[in-house]
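The values are calculated or read from the model by the stated rules, or taken from the named source; none is laboratory data. Only a predicted model underlies this, so the values are computations on that prediction, with no experimental measurement involved. Here the Cβ positions follow ideal geometry from the backbone for every residue, glycine too, while neighbour counts run over all protein chains shown. Surface areas here come from the heavy atoms of the whole protein model, side chains and all, with no ligands, DNA or RNA. Shrake-Rupley method; radii C 1.70, N 1.55, O 1.52, S 1.80 Å.
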Amino acid sequence: MSEKKPLWQTLPIAGILLEPKSSLKYKTGDWRGPFTPKINQEKCTKCLLCWIYCPDGAIERVGDGVRINLDYCKGCGICVSECPVKAITMERL
Amino acid sequence: MAKVIGLTGDEAVAYAIKQCNVDVVAAYPITPQTVIVEAFSEYVFNGEVDTEFVCVESEHSAMSACVGASLTGARVFTATASQGLALMHEILYIASSLRCPIVMGVVNRALSAPINIHGDHSDMMGSRDCGWIQIYAENVQEAYDWTIQAFKIAEDKEVLLPVTVNLDGFILSHSIEGIKVLEDEDVASFLPPREPVYTIDPNNPITVGALALPNYYFEFKVQQDHALRNSFKAMGKVFSEYEELSGRKYDVLHTYGMEDAEIALICLGSTAGTARYVAKRLREKGVKVGVLKPWVYRPFPEKEIVEAVKEVKALAVMDRACSFGAPYAPLGSDIASILYKSGLDIPVVNYVYGLGGRDVSPLDLEAVVNEILEVAKTGEIKEHLKFLGVR
Ligand code: SF4
Ligand code: SF4
């Protein structure tokens, strides 16, 4: 957290964001606690249920399979409980 | 020669809005404010204005529509009272936080329960921390003049904050007064179309009302507080320009007899007229009474009040609202705070009066003066907070 944040005098008023799509810069992955989901690609059947259920859209499609984008994964574990073949596990990193 | 016409307080506000080239009015009727929007809707119906008049289903929606319209860069007005203002409470904060220069007429009325439609300041005082500039008019002329000036203050690029123009329910809203009105062209030149700083525009998208967590939120609140305190600067400019135009000089604080006053009364709104009447009469008998009327209540004119009262021996602070369980009523707390801050040791008695529209007569205020003279003489305060005229 060494990043310098702007002073109140220099921020645009009212919390207005002047640049569209800037929410991508907001890496909510740092909200994640000690547990991180991990996909066992061997077990994965590419059913895409985790992709649908992830409330943060942190599961991305690659080819016909899936990958977790840890920049945005908050570690809720919903994907783990939704995967019908138990291909995702929460690992302590 | 200025044109003089007879208008009630509500009609005068509507007349001012007609001249201010307002783009959007979204409002919901509530006594004693109804006449403002009713009179204005006639101007719309008759084609005298090209304002978009939005009939909404509640005050919460009214203020929400106003915020949306204001963000597009429109000049926006609404009006409400009492329960209506209370229902808006949530959105009042959003309007000021999103820096929407909306102007709102608040026709002060008591809050339920019991139901009461008459005037007191409980409604505005209940929302006094909402970040709006808050102005109190003493009479119908002032309600008209302040409404026009309010837009110019609100829309100043250094301010960008909403403004309430408060007028006492029934006492002003429904009393006819002969007022001097400006010519339409003069108002138009005083108040050119709004020049917004940021607008929501599909061709140039910006994000308004996004999340700000502990690492950012605080900074935006400080910005807001700074803008509100700093708005005095813009007001100064507006007052002189308006004086040039109308010959009527406004300020953040009005004082009467403070040059040699031994004691003083401080009050908001229409009671100030009664207070000056009483002071004038007593002065004829050699009693040196002064009267202070903060025209602007938020931001609070600390410097001006301290400067005006520093020689007095005792002060009566009149509040037309209660702050249940608090050390003082709202204005009383503010005065006590600024006296403490400036190191002035002036005895203060805070009077809560006129709740639910109970009349306050010259005799009531004369009794207050006599009590305060006694406090000034003895330096002794028997009761810090009193309820004037209660059985
Ligand atoms: S743990 Fe939660 S946030 Fe992370 S990928 Fe799974 S469902 Fe999405
Ligand atoms: S839910 Fe499980 S099996 Fe389905 S795509 Fe996600 S990881 Fe693979």
**Fill in**
Those residues of region B:235-284 that are in a helix (DSSP H, G or I), surrounded by fewer than 20 Cβ atoms within 10 Å (Cβ to Cβ) and among the small types (G, A, S) come to a total of 3
**Prompt:** Only one of (1) within 14 Å of chain A (Cβ to nearest Cβ); (2) buried (at least 24 other Cβ atoms within 10 Å of the Cβ); (3) under 21 Å from B:V56 (Cβ atoms) fails for B:W132. Which number is that?
**Reply:** (1)
**Request:** Kindly establish whether B:D201 is within 22 Å of the chain's Cα centre (by Cα) and surrounded by fewer than 19 Cβ atoms within 10 Å (Cβ to Cβ).
**Result:** no
**Message:** Quick check on this structure: which one of A:L18, A:L11, A:L7 is within 30 Å of B:K221 (Cβ to Cβ) and open to solvent by 90 Å² or more (accessible area, probe 1.4 Å)?
**Reply:** A:L7
**Message:** Step by step: first the residues of region A:78-88, then only those that are surrounded by 14 or more Cβ atoms within 10 Å (Cβ to Cβ) and either within 11 Å of ligand 1 (Cβ to nearest atom) or basic (K, R) (or both), then the one that is nearest to the other protein chains (Cβ to nearest Cβ). Which residue is that?
**Reply:** A:I78
**Prompt:** If a residue has to be near ligand 2 (Cβ under 9 Å from one of its atoms) and surrounded by fewer than 16 Cβ atoms within 10 Å (Cβ to Cβ) to count, how many in region A:62-77 make the cut?
**Reply:** 1
**Asked** Do you know which residues across region A:27-69 are of a type in the set (D, E) and within 13 Å of ligand 1 (Cβ to nearest atom)?
**Response** A:D30, A:D56, A:E60
**Message:** For region B:108-129, which positions are open to solvent by less than 10 Å² (accessible area, probe 1.4 Å) and in contact with a Ser or Thr (Cβ under 6 Å, 6 or more places away or on another chain)?
**Reply:** B:A110, B:D123
**Asked** Given the residues B:P196, B:P205, which is the only one that is within 14 Å of another protein chain (Cβ to nearest Cβ), in contact (Cβ under 8 Å) with a residue 40 or more places away in the chain and out of contact with any strand residue (DSSP E or B) (no Cβ under 8 Å at 6 or more places or on another chain)?
**Response** B:P196
**Asked** Which members of region B:214-234 meet the condition of being part of a helix (DSSP H, G or I), more than 7 Å from every other protein chain (Cβ to nearest Cβ) and of a type outside the set (A, V, I, L, M)?
**Response** B:Y217, B:F218, B:K221, B:Q224, B:D225, B:H226, B:R229, B:N230, B:S231, B:F232, B:K233
**Request:** Please verify whether region B:155-163 includes one or more residues that are over 20 Å from the mean Cα position of the chain (by Cα), surrounded by fewer than 21 Cβ atoms within 10 Å (Cβ to Cβ), among the basic types (K, R) and within 25 Å of B:I36 (Cα to Cα).
**Result:** no
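How many of the residues making up region B:35-55 are among the aliphatic types (A, V, I, L, M) and open to solvent by less than 30 Å² (accessible area, probe 1.4 Å)?
4
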**Message:** Restricting to region A:27-47, give me the number of residues that are surrounded by fewer than 14 Cβ atoms within 10 Å (Cβ to Cβ) and either closer than 28 Å to B:P205 by Cβ or aliphatic (A, V, I, L, M) (or both).
**Reply:** 4
**Asked** Taking the stated definitions as given, is B:S189 of a type in the set (S, T, N, Q), within 27 Å of B:V4 (Cβ to Cβ) and without any contact (Cβ under 8 Å) to a residue 60 or more places away in the chain?
**Response** yes
**Request:** Residues being of a type in the set (V, I, T), touching a helix residue (DSSP H, G or I) at 6+ places or on another chain (Cβ under 7 Å) and outside any helix (DSSP H, G or I): count how many of those fall in region B:29-86.
**Result:** 8
**Prompt:** Does B:M1 qualify as being at pLDDT below 95 and hydrophobic (A, V, I, L, M, F, W, C)?
**Reply:** yes
